[in-house]
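The structure under discussion appears below in the form of structure tokens.
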Amino acid sequence: MSKQEFTVTVYTENQIGLLNRIAIMFSRRKINIESLNTSPSEVEGIHRFTIVINETEDVVRKLARQIEKQVEVLKAYFNTNEEIVWQELAMYKVPTDTIAEKVKVERLLREHGARAVVIRKDYTVFETTGQREETDKLISVLEPYGLIEFVRSARVAIIKASSGFHEKLKEFEEAEPSEVVVENEFLDKQDEVFTM
Amino acid sequence: MSSTIEVAPKKIEAQPNLTSLSGSQAVLEAFLAEGVDTIFGYPGGAIMPIYDALYDYQTKLKHILVRHEQGGIHAAQGYARTSGRTGVVFATSGPGATNLVTGLADAMIDSTPLVAITGQVFAHLLGTDAFQETDVINITTPVTKWNYQVTDATEIPAVLAKAFYIAKSGRPGPVLIDITKNAQLQKFDYSGYEKCNHIRSYRPKPLVRKEYVAEAAKMINEAQQPFVIFGQGVILGKAENEFRKFIEKAGIPTAWTIMGESALPTDHPLGVGMLGMHGNYGPNVLTNECDVLIAVGMRFDDRVTGRLDKYAKQAKVIHLDIDPSEIDKNVKSAVPVWGDCKETLPLLTELVEQKVYPQWLQRFRDYQAQEEEACINPELNPTTDELTMGEVIKVLNELTGGDAVVVTDVGQHQMVACRYAKFNKTRSNVTSGGLGTMGFALPAAIGAKFGAPERTVVAIIGDGGFQMTLQELGTIMQSEVDVKILILNNRFLGMVRQWQQLFHDKRYSFVDITSPDFVQVAKGYGIAGNSISDRKDLQASVQQMLEHKGSFLLEVMVGKENNVFPMVPQGASVSEIRLK
């Protein structure tokens, strides 16, 4: 089984220390986290972690289960890039004079789906949203013109097959035992299951 | 981020007259409501308010003053293991808390329910490198099932309720609650203690799916050579009777892991011995010949499986476990039966056919006969002058009849004790299985005695491990704990020496350990003792130890370079187990 990019989506309670508890699940197996985003989810009070790693499916499945075992974690899903819609945001700071002189800014913006966030006398900040190759491309375009600063956000991802967490949460709020954890890829047909 | 404490609104007891309590008192009220009777602990600056409150609760809560926090937490583990209840330990901030880490890790890997309470510096000092401040929450995150820092006393009842619920439910484990000193001192309006029985993000009990149970039963009924292996899950699930009924109806040969040992009487007719690196010959070899392998409440540790890619490849694996993350973690299962084995085993028992497998069982017995000749007989009935560890255990078996609680440390003596000790009752084998913590046995035996006060508790310890926590002799002295200490002294760190002999060309690197006069040490603590090195004294001295009123230390000098066999060498398959 070869390694590939997986996006792990974790629904959790909003609790101090949980970030560490989740992060160490990866570091104890010496797995590098390529990208990590925490944000609110579609359900009020439920937090959502989006974590990108390069791993085999086998390891990601085990990781997802071990993450899900943590007391404050409601559910952990993992998906390949084909199964999600994902975006990252990038910002680029360049000297305004060079840009104004040497580049047809309008064309640049149009071609890369970028927009100017701030235009000052000394510098201009562009912003673009897209996948890794797209944001990377704009770096190489801007580099010759004296790129001062570059930053890219963590990945945010929407799971294509997901019907949201509202219904799942209701199951969680009911008393034990719960059907939720007994999704099983051996005896069930895998595609009929949400993930896992 | 804000904190969220979810507690089901079920009132157990309201005490309207207790209107104002301190955080410290609330901790102790929680203990009473949870049925705690014994606390192991050690005071210090940041936990003084709790100890101050404890002064008034002495008649209701027994506190055992240990000599080191590691001793405290191992004692709480021993208590939990023999009593089936949650062990409780107190420690102060900083070094007190860090001294708990080994015990937490041990309890985590061996699924022992514990609630550890640590004091912490005042909330306004957090993060300032205050005196005895340490980031306990982050230090203990990998080794706790759950941990939480309380900075406001009003949180205490709900947090403690959650702590006890999490520690004990599902797959048990250690929980640590860190309470800042201001929260311990803070007075608040107390409206009673409500037990926790549901946390929405926590699913301790998976729903049992009958179709998987049916699938498993079908597989078992069609099997020609089925084999049952079980671990501590049977004990943790209090499912010893259910388990026994299952194997007796299905007629399947059954082996145990070190953690499962004693859940089934060791002389049960279907019992074929212990699995793993120093387990019995038959169960290891035949793991690779069975057609259906039924694993109950065990986690396929590498010491059990040996080389994983050569482990039971021919078999269909049925895995019963309460923890879904254990399914397929190490060994792929054909049918996973998620759930509490107390529920799943009776369902399975109902569906399996009443059967016997005389020829298959005979194969285990044949291997056993080979093992008897090559390993067991020389160990139990040696012809050498030197005493062996095995013959000491044999004498102990004869004198206790298999009714004692045996607490072992880690190393050769542990393997020999677990191989040869006879057990009639469950919760009788207390050992550090997963973490392999030397120094575990003496403090764990103290706790084991408090957890099972009516039983004889024998701590079997090596000369190395004993020196790691021998300060707990002070606890035995002060609290008058009736623990029988049996030191098997081979004047070596024996297990490491065995590996150095077998795999490192006898380069005995720093395993030659000298020991004090243990009997004199015990005497210093007011504990009676004896040391023997002759076979003729063995029977009488073990008897003397067992009959002595109160604690007793018996040192038995055993052969210096004896090895434990059989052995599955590291990296080898279970079927490549060596008899010598």
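The values are calculated or read from the model by the stated rules, or taken from the named source; none is laboratory data. Everything quoted here is computed from the prediction, not taken from an experiment. Reconstructed Cβ throughout: ideal geometry from the backbone, glycine too, with neighbour counts over all protein chains shown.
Could you tell me whether region A:48-66 includes any residue that is in the same structural domain as residue A:32 (by TED's automatic domain parsing), charged (D, E, K, R) and surrounded by fewer than 17 Cβ atoms within 10 Å (Cβ to Cβ)? Step through it out loud before you land on a result.
Of the residues in region A:48-66, the ones in the same structural domain as residue A:32 (by TED's automatic domain parsing) are A:48-66.
Next, only the ones that are charged (D, E, K, R) stay: A:48, A:55, A:57-58, A:61-62, A:65.
Filter once more, so that each one left must be surrounded by fewer than 17 Cβ atoms within 10 Å (Cβ to Cβ): A:57-58.
Within region A:48-66 (the criterion being in the same structural domain as residue A:32 (by TED's automatic domain parsing), charged (D, E, K, R) and surrounded by fewer than 17 Cβ atoms within 10 Å (Cβ to Cβ)), the answer is yes, since at least one residue qualifies.
Which residues, taken from region B:315-339, are among the acidic types (Asp, Glu), buried (at least 24 other Cβ atoms within 10 Å of the Cβ) and not in a strand (DSSP E or B)? Spell out how you get there, then give the answer.
Here is the first cut: in region B:315-339, the residues among the acidic types (Asp, Glu) are B:321, B:323, B:326, B:328.
Subsequent filtering for residues that are buried (at least 24 other Cβ atoms within 10 Å of the Cβ) retains B:321, B:326.
Answer for region B:315-339, where residues must be among the acidic types (Asp, Glu), buried (at least 24 other Cβ atoms within 10 Å of the Cβ) and not in a strand (DSSP E or B): just B:326.
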>> So the check is Cβ under 7 Å with 6+ separation or different chains; which pairs have a first residue in region B:296-314 that's surrounded by 14 or more Cβ atoms within 10 Å (Cβ to Cβ) and a second one that's in a loop (DSSP other than H, G, I, E, B) and among the aromatic types (Phe, Trp, Tyr)?
In response: B:305/B:311
>> Being surrounded by 20 or more Cβ atoms within 10 Å (Cβ to Cβ) and in a loop (DSSP other than H, G, I, E, B) is true for just one of B:356, B:410, B:406. Which residue is that?
In response: B:410
>> Consider region A:1-40. How many of its residues are within 21 Å of residue A:162 (Cα to Cα), surrounded by fewer than 19 Cβ atoms within 10 Å (Cβ to Cβ) and either in contact with a His (Cβ under 9 Å, 6 or more places away or on another chain) or hydrophobic (A, V, I, L, M, F, W, C) (or both)?
In response: 4
> Only one residue in A:105, A:71 is closer than 22 Å to residue A:151 by Cα and over 19 Å from the mean Cα position of the chain (by Cα), so which one is that?
Replying inline: A:105
> Residues B:549, B:580, B:536: which one is within 20 Å of residue B:386 (Cβ to Cβ) and either assigned to a loop (DSSP other than H, G, I, E, B) or outside the structural domain of residue B:410 (by TED's automatic domain parsing) (or both)?
Replying inline: B:580
> Of (1) at negative phi; (2) away from chain A (no Cβ under 14 Å); (3) assigned to a loop (DSSP other than H, G, I, E, B), residue B:262 satisfies all except one. Which?
Replying inline: (1)
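Being β-branched (Val, Ile, Thr), surrounded by fewer than 21 Cβ atoms within 10 Å (Cβ to Cβ) and more than 21 Å from residue A:4 (Cβ to Cβ) is the requirement here; does residue A:98 meet it?
On the way: β-branched (Val, Ile, Thr): yes; surrounded by fewer than 21 Cβ atoms within 10 Å (Cβ to Cβ): yes; more than 21 Å from residue A:4 (Cβ to Cβ): yes.
Considered against the rule, which asks whether it is β-branched (Val, Ile, Thr), surrounded by fewer than 21 Cβ atoms within 10 Å (Cβ to Cβ) and more than 21 Å from residue A:4 (Cβ to Cβ), residue A:98 comes out as yes.
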> So which residues in region B:309-343 are facing chain A (nearest Cβ under 9 Å) and of a type in the set (Val, Ile, Thr)?
Replying inline: B:327, B:335
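Which fully enclosed strands (runs of 3 or more DSSP E) of region A:3-66 have 1 or more residues being more than 8 Å from chain B (Cβ to nearest Cβ), over 26 Å from residue B:137 (Cα atoms) and of a type in the set (Asp, Glu)? Write out each step before concluding.
Numbers: elements: A:4-13, A:35-40, A:46-55.
Because the criterion is at least 1 residues that are more than 8 Å from chain B (Cβ to nearest Cβ), over 26 Å from residue B:137 (Cα atoms) and of a type in the set (Asp, Glu), the strands (runs of 3 or more DSSP E) in region A:3-66 that meet it are A:4-13, A:46-55.
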> Of all residues in region B:501-527 being in a loop (DSSP other than H, G, I, E, B) and among the aromatic types (Phe, Trp, Tyr), which is surrounded by the fewest Cβ atoms within 10 Å (Cβ to Cβ)?
Replying inline: B:510
>> Pairs please, first residue from region A:95-123 and part of a helix (DSSP H, G or I), second anywhere and at pLDDT below 80, Cβ atoms under 8 Å, 6+ apart in sequence or on different chains.
In response: A:99/A:105
>> Is it the case, given these coordinates, that residue A:78 is touching a residue at least 24 places away in the same chain (Cβ under 8 Å), assigned to a strand (DSSP E or B) and within 14 Å of another protein chain (Cβ to nearest Cβ)?
In response: yes
> For residue B:244, are the conditions met, namely being free of Cβ contacts under 8 Å to residues at least 40 places away in the same chain, out of contact with any strand residue (DSSP E or B) (no Cβ under 7 Å at 6 or more places or on another chain) and either of a type in the set (Lys, Arg) or in the same structural domain as residue B:84 (by TED's automatic domain parsing) (or both)?
Replying inline: yes
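Can you tell me which residues in region B:92-103 are closer than 26 Å to residue B:259 by Cβ and crowded, with 24+ Cβ neighbours inside 10 Å?
Here is the first cut: in region B:92-103, the ones closer than 26 Å to residue B:259 by Cβ are B:99-103.
The answer is B:100, B:103.
For (1) assigned to a loop (DSSP other than H, G, I, E, B); (2) at pLDDT 95 or above; (3) buried (at least 24 other Cβ atoms within 10 Å of the Cβ); (4) away from chain A (no Cβ under 14 Å), each residue gets a yes or a no:
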position: B:218; (1), (2), (3), (4): no, yes, no, no
position: B:224; (1), (2), (3), (4): yes, yes, no, yes
position: B:229; (1), (2), (3), (4): no, yes, yes, yes
position: B:234; (1), (2), (3), (4): no, yes, yes, yes
position: B:268; (1), (2), (3), (4): yes, yes, no, yes
> Pairs under 6 Å by beta carbon, first residue under 17 Å from residue A:6 (Cβ atoms) and modelled with pLDDT of 95 or more in region A:24-39, partner of a type in the set (Val, Ile, Thr) and part of a loop (DSSP other than H, G, I, E, B), six or more apart or different chains?
Replying inline: A:26/A:33
> How many residues does region B:118-137 contain that are away from every other protein chain (no Cβ under 13 Å), within 28 Å of the chain's Cα centre (by Cα) and surrounded by fewer than 24 Cβ atoms within 10 Å (Cβ to Cβ)?
Replying inline: 1
> When you scan region B:344-362, how many residues do you find that are of a type outside the set (S, T, N, Q), farther than 17 Å from residue B:224 by Cα and either within 30 Å of the chain's Cα centre (by Cα) or within 12 Å of another protein chain (Cβ to nearest Cβ) (or both)?
Replying inline: 4
